[in-house]
């Protein structure tokens with residue numbers, strides 16, 4: 001963000017044009033700075049998006065409140081913003097305005113890891129309101145949504161003096177469950193003095209939707225969860241204080257999609273949602289955890305000289321437009337990793353889902369050396385970059401000692417000789433006991449990444465664990481995949497070695513339930529994936545329709561067709577993408593891993609061709625000169641016209657995996673088809689109920 005020098009901020013009101021460069025990104029900002037004396041009558045401030053279609057209105061008459069208008073329609077009624085502390089200090093109520101700053105930024109951001117696009121336009125208008133009570137409210141309006149955050153400027157004791165805050169921040173609990181623990185990493189003022197730490201009573205984050213709003217609500221039983229909800233369509237007024245929901249959550253007001261999430265979550269508990277029973281939604285936070293992993297009964301102690309997390313309201317007038325929202329990334333702290341060339345996205349062969357149920361091998365499969373050497377051989381055969389050694393190579397308490405049934409270093413040496421990297425599963429409890437020693441040891445062995453599991457919380461102390469783990473992994477050049485995790489909330493930009501995370505009800509749930517339906521799979525790209533990468537772990541080779549489905553833990557099957565699974569490799573964003581089934585299952589049908597291994601895990605561009613939440617999605621994605629198509633449908637068969645007008649002029653080799661002629665009866669039936677097509681051609685690819693397709697378009701010279 002562009003900031004005016006202090007001297008300029010104190011000058012009389014004037015327009016100040018600024019031009020700046022950051023790397024290859026260029027942006028122009030025009031700031032208007034005016035000085036207001038404290039105690040003036042309350043005002044209403046307006047902030048519009050660059051295209052003028054979104055408008056935030058903010059007033060500070062006794063309470064700090066905002067409203068949201070889209071295309072002139074009010075969608076969120078006056079909603080209170082406030083942070084209150086045990087000593088009576090409040091950031092919001094009865095605030096006296098000192099001044100305002102306005103700016104415009106228009107730049108291109110190049111992500112270190114290209115999750116959705118190679119470049120992201122970061123174009124917004126910003127309004128910062130500074131108050132006498134030593135805090136500011138910062139708001140940004142993009143064409144794709146709006147966001148706000150509070151910035152504290154108090155330092156010293158709980159009655160501390162004002163002091164400039166650092167860029168990134170730390171904690172605050174909410175209404176019913178709060179939490180605690182002062183943060184150190186973000187707990188310093190810019191001058192290096194200790195920031196003021198204060199006991200937090202609550203944060204009021206309110207979203208008072210207009211009448212008639214309905215929701216795809218991510219119901220949760222409690223705060224101790226791996227954040228794997230399904231999304232239940234229901235009127236927002238039916239959600240009350242007895243219900244609990246996680247983020248992201250989608251609301252539809254007057255036909256406009258409003259997606260709630262947060263980002264730049266550092267040293268602070270995660271935001272959750274409850275309802276008021278009248279269509280309004282308010283935020284709550286979990287209590288902190290003690291050393292035994294039990295909830296405390298305190299809200300938490302937080303700094304008052306820092307930036308608090310961003311509260312995001314993504315806006316999309318159609319379901320397809322939801323994929324344009326990348327605010328969770330743009331509003332996060334930029335990368336702390338100077339040279340990220342060691343970060344290698346790719347695919348990874350995984351064992352836990354399939355329980356190593358091999359056939360046609362001459363060894364006893366299990367958690368042993370020969371099993372994972374077999375994984376490495378399979379990966380090398382098809383050009384899959386990584387294999388994962390999941391749970392079972394060590395105890396959960398001691399992650400420095402390998403169990404005698406397996407030789408991890410022998411597996412790494414074998415895999416390295418085949419050009420395959422090895423990643424390792426670790427439970428967070430064992431890792432946190434000896435984090436640096438463990439990561440130094442894994443690096444010495446030749447491990448390239450970690451799957452860190454079982455956190456099941458976004459309390460303040462657990463959020464801090466994520467940041468410690470990401471930073472330590474970066475120190476030892478290890479990539480990270482968080483499982484048993486909360487939703488993405490910015491860390492994947494600040495530490496791009498965090499390639500992906502769970503926080504999604506994915507494929508493994510087929511082992512014990514039937515809730516992972518084709519409709520659920522078509523909620524995820526429009527809701528969960530907007531927050532950031534998701535490790536759904538696709539690639540099931542046993543597939544069934546509802547009438548044939550049975551949840552079998554040791555030999556799981558997926559609901560929907562084989563082609564439905566293949567489509568996920570194009571549609572679902574995860575820079576580290578799992579292949580979940582056994583090598584022997586893939587080797588029995590080699591055209592499947594041959595096809596999957598040609599699909600990238602990072603992307604240059606995309607285009608949504610058709611999309612309706614919970615019903616169907618057809619997308620085109622670009623990587624280099626190649627384009628890729630993915631399509632999925634719910635329990636309704638359909639054929640959607642696909643115009644290839646997004647392709648540059650020329651001819652292309654189309655390699656298509658689609659539902660076979662009997663896929664409506666036998667879900668594993670698929671057809672591999674190849675032919676030449678041209679830019680501008682029209683395709684018609686039938687999808688059976690629960691079906692799909694995936695295709696590769698390669699330009700012909």
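Laboratory data are not the source of any read-out in this text; all were calculated from the coordinates shown. What you see is a predicted model; the values in this text were computed from it and never measured. Using ideal geometry, Cβ is built from the backbone for each residue, glycine included, and neighbour counts are taken over all protein chains shown.
For region 314-370, the spherically averaged projection of the C-alpha convex hull amounts to 8.5 nm².
Against the chain, whose longest principal axis comes from its Cα atoms, helix 460-475 is set at around 60 degrees. Length available on full extension from residue 468 to residue 625: 0.36 nm per residue minus the Cα-Cα distance, which gives 52.7 nm. Spacing of the modelled spin labels on residue 363 and residue 254, each 7 Å from Cα toward Cβ, amounts to 6.5 nm. A simple spin-label model places pseudo-atoms 7 Å from Cα toward Cβ; at residue 199 and residue 400 they are separated by 3.8 nm.
Legend: calculated FRET efficiency, residue 119 to residue 548, from the Cβ-Cβ distance at R0 = 45 Å, rounded to 0.05, equals 0.50.
Quick one: which of 646-654, 492-500, 520-528 comes out on top by average Cβ neighbours within 10 Å, and what's the full order, highest first?
Going from most to least packed, we get 492-500, 520-528, 646-654.
Annotation for region 416-457 versus region 534-571: alpha-carbon center distance of 28 Å.
Once the Cα atoms are used to define both axes, helix 369-382 deviates from the longest principal axis of the chain by about 90 degrees. The spread of Cα positions in region 426-533, taken along each principal axis and listed from longest to shortest, comes to 44, 28, 27 Å. Listed peptides 63-74, 209-220 appear in the order 209-220, 63-74 once ranked by packing, highest mean of other Cβ atoms within 10 Å at the front. Taking the centroid of alpha carbons for each part, region 263-280 and region 297-333 are 10 Å apart. Relative to the longest principal Cα axis of the chain, at what angle does helix 408-417 sit, 0 to 90 degrees, rounded to 10? The answer is roughly 70 degrees. Estimated from helices alone, the mean residue ellipticity of the chain at 222 nm is -3500 deg cm²/dmol (sum of -39500 (n - 2.57) over DSSP H runs with n ≥ 4, per residue). For region 318-352, the residues whose backbone nitrogen is under 17 Å from a point 7 Å from the Cα of residue 643, taken along Cα to Cβ, are 320-321. For region 549-621, the spread of Cα positions along the three principal axes, ordered from largest to smallest, is 37, 27, 20 Å. A crude spin-label estimate for the pair residue 612 and residue 132, with each label 7 Å from Cα along the Cβ direction, gives 5.6 nm.
Give the peptides 278-287, 439-448 in descending order of average Cβ contacts within 10 Å, highest first.
Highest-to-lowest ranking by the protection proxy: 278-287, 439-448.
Computed over the Cα atoms of the chain, the ratio of the radius of gyration to the Kirkwood radius (Rg/Rh) comes to 0.97. Legend: calculated FRET efficiency, residue 441 to residue 61, from the Cβ-Cβ distance at R0 = 45 Å, rounded to 0.05, equals 0.15.
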